[in-house]
Amino acid sequence: MQFLKRICNFAENITQMTSNIAGEAHHPGRIEVVCGSMFSGKTEELIRRLRRAQFAKQKVEIFKPAIDVRYSEEDVVSHDQKHIQSTPIDSSASILLLSSDIDVVGIDEAQFFDMGLVEVCNELANRGVRVIIAGLDMDFKGIPFGPMPALCAIADDVTKVHAICVKCGNLAYVSHRTVQNDKLVLLGETQEYEPLCRYCYQKALENEKSSE
């Protein structure tokens, strides 16, 4: 009798495990955020994950802010010139309109989008879509940038990547702007920004104040 009870319990466990696996297969919706400073490899990691999804024959759609034309007007391009085709958009609402029947949605430079992006990503994930987001977590003043803090809060997984401080070689903390410009959005590269650790960033700010 005890043996039969164990067999029944084992069968129930197998049924539950099978149900859980099936559930994962049918409800893969999740939000993944890759964040960090400039030159930390955010876009490269985004492209890597999206390429894997494409290789797995999943339906992938990639979006980027229309204002980001540094390397290409249409492609998402990393600093090391890896690229993937994307759709430039002006508003996060466009993502929902262009993401029907899609398995995976990639979003680059998420910090430049409006706050509506948070609700858009939640809705996509709740539909069963895997959403992969890359963006700066802080602006050049070290302040959380745009919708990124909220996206990190609702994400199923957050990966913080790091550049190397150009002054001391430690892990970078922030993207320090090296030109005199107070605009929040200033597209640039190594001529306008440098990755610095917390200590070197504070020293840079002190030097800038003393030279005023």
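The values are calculated or read from the model by the stated rules, or taken from the named source; none is laboratory data. Everything quoted here is computed from the prediction, not taken from an experiment. Neighbour counts are summed over all protein chains in view; Cβ atoms, including those assigned to glycine, are modelled from backbone coordinates with ideal geometry. Note: accessible area is taken over every heavy atom of the protein model, side chains too, but ligands, DNA and RNA are not part of it. Shrake-Rupley method; radii C 1.70, N 1.55, O 1.52, S 1.80 Å.
Observations on the model:
- Taking Lys141, Lys57 and ordering them by how much accessible surface each has at a 1.4 Å probe, largest first, produces Lys57, Lys141.
- Residues Leu196, Leu96, ordered by accessible area of protein heavy atoms at a 1.4 angstrom probe radius and largest first, appear as Leu96, Leu196.
- Too-long pairs where the Cα-Cα distance tops 22 Å, listed order kept, from Lys59/Lys82; Lys141/Lys209; Lys82/Lys167; Lys59/Lys160; Lys42/Lys64: Lys82/Lys167; Lys59/Lys160
- The order of Glu206, Glu44 by accessible area, most exposed first and with a 1.4 Å probe, is Glu206, Glu44.
- Estimated inter-spin distance, Phe55 and Ser94, nm [label 7 Å along Cα→Cβ]: 3.0 nm
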